[in-house]
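Trainee: Can you keep this structure in mind? I'll have questions shortly.
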Amino acid sequence: MKVVAFSTSNSKNSINKKLAAYAAGLIRGADTEVLDLNDYEIPLFSVDREAEIGQAELAKAFLAKIESANFLVVSTAEHNGNFPAAWKNLFDWCSRIEKQVFQNTSMILLSTSPGGRGGATVMELALNSFPRFGTEIKAHLSIPNFDDHFDSEAGELTGAYKDELVQAIEALVS
Ligand SMILES: Cc1cc2nc3c(=O)[nH]c(=O)nc-3n(C[C@H](O)[C@H](O)[C@H](O)COP(=O)(O)O)c2cc1C
């Protein structure tokens with residue numbers, strides 16, 4: 001099974017990318033590819049720019065990665081209660097090529113932040129909007145206070161959140 005994992009953040013040290021990579025690694029026997037949003041940086045979307053350049057090649061490349069996946073692990077960062085601009089931009093370009101951006105690929109949806117809400121606002125947004133773009137969210141989890149719950153040296157969650165995520169993934173694959 002091919003699993004594609006990514007964060008909606010383009011931060012070089014994205015904690016959501018770390019979380020997505022960790023969660024994907026829990027899926028036994030999966031062939032996992034972790035994407036970096038920086039590899040899909042496209043000029044700011046506008047219908048005028050689209051008229052100039054047509055379909056963005058990097059949006060096509062991102063859609064191809066999603067098409068290659070049997071399952072997605074997505075962890076979303078929260079910027080001012082919303083998706084990071086980098087994700088929104090890429091998503092808008094992708095949606096002009098393929099409205100069903102997730103192409104009927106199910107996902108686990110995660111969010112985390114250094115603060116106490118763990119990206120709960122953007123999680124709500126994603127829970128409401130992603131299924132309209134061709135995905136089923138099989139499980140979701142927001143992890144607050146990332147640094148308190150993630151051992152960066154070991155590259156893994158600790159404690160109750162680890163247990164919750166492991167159980168959610170085991171329930172999915174069994
Ligand atoms: C522009 C900006 C806005 C932010 N807004 C929020 C927010 O609304 N809620 C939140 O929990 N964290 C917010 N943060 C802090 C992020 O959660 C933090 O930068 C986190 O590391 C982002 O995830 P990432 O490391 O995967 O990029 C914001 C950060 C930035 C740079």
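Matching residues to (1) modelled with pLDDT of 95 or more; (2) of a type in the set (Asp, Glu); (3) over 14 Å from the mean Cα position of the chain (by Cα):
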{"position": "ALA85", "(1), (2), (3)": "yes, no, no"}
{"position": "LYS99", "(1), (2), (3)": "yes, no, yes"}
{"position": "PRO114", "(1), (2), (3)": "yes, no, yes"}
{"position": "GLY119", "(1), (2), (3)": "yes, no, no"}
{"position": "ALA139", "(1), (2), (3)": "yes, no, no"}
{"position": "PRO144", "(1), (2), (3)": "yes, no, yes"}
{"position": "ASP147", "(1), (2), (3)": "yes, yes, yes"}
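Trainee: May I ask you to list the residues in the stretch 101-116 that are more than 8 Å from the ligand (Cβ to nearest atom) and open to solvent by 70 Å² or more (accessible area, probe 1.4 Å)?
Mentor: Correct list: ASN104 only.
Trainee: If I ask for residues that are without any contact (Cβ under 8 Å) to a residue 60 or more places away in the chain and either among the polar types (S, T, N, Q) or in contact with a Gly (Cβ under 9 Å, 6 or more places away or on another chain) (or both), which ones from the stretch 127-145 would you list?
Mentor: ASN128, SER129, LEU141, SER142, PRO144, ASN145
Trainee: Residue by residue through the stretch 146-174, note down the ones that are touching a residue at least 60 places away in the same chain (Cβ under 8 Å) and among the aliphatic types (A, V, I, L, M).
Mentor: The answer is LEU157, LEU165, VAL166, ALA168, ILE169, LEU172, VAL173.
Trainee: Looking at the stretch 1-22, which of the residues that are part of a loop (DSSP other than H, G, I, E, B) and over 18 Å from GLY119 (Cα atoms) is farthest from the ligand (Cβ to nearest atom)?
Mentor: Per the stated criteria, the residue is MET1.
Trainee: Name every residue in the stretch 49-68 that is open to solvent by 20 Å² or more (accessible area, probe 1.4 Å) and not in a loop (DSSP other than H, G, I, E, B), in order of residue number.
Mentor: Result: ARG49, GLU50, ALA51, GLU52, ILE53, GLU57, LEU58, LYS60, ALA61, ALA64, LYS65, GLU67.
Trainee: Something else: Look at PHE71 and say whether it is under 18 Å from LEU19 (Cβ atoms), away from the ligand (no atom under 12 Å from the Cβ), of a type in the set (Phe, Trp, Tyr) and open to solvent by 10 Å² or more (accessible area, probe 1.4 Å).
Mentor: yes
Trainee: Which is away from the ligand (no atom under 14 Å from the Cβ), open to solvent by 10 Å² or more (accessible area, probe 1.4 Å) and either touching a strand residue (DSSP E or B) at 6+ places or on another chain (Cβ under 6 Å) or among the small types (Gly, Ala, Ser) (or both), of ALA120, ALA86, ALA171?
Mentor: Going through ALA120, ALA86, ALA171 in turn, the sole match is ALA171.
Trainee: Tally time: how many residues in the stretch 123-148 are in a helix (DSSP H, G or I), more than 27 Å from GLU98 (Cβ to Cβ) and open to solvent by less than 100 Å² (accessible area, probe 1.4 Å)?
Mentor: Qualifying residue count, the stretch 123-148: 1.
Trainee: Same structure again: Filter the stretch 1-47 down to the residues that are among the aromatic types (Phe, Trp, Tyr) and closer than 27 Å to PRO144 by Cβ, then identify the one that is least open to solvent (accessible area, probe 1.4 Å).
Mentor: PHE6
The values are calculated or read from the model by the stated rules, or taken from the named source; none is laboratory data. Just so you know, these numbers come straight off a predicted model, no measurement behind them. Every residue, glycine as well, gets a Cβ built from its backbone with ideal geometry; the counts of neighbours run over all protein chains shown. We work out accessible area using only protein heavy atoms, side chains counted, and drop any ligands, DNA or RNA first. Shrake-Rupley method; radii C 1.70, N 1.55, O 1.52, S 1.80 Å.
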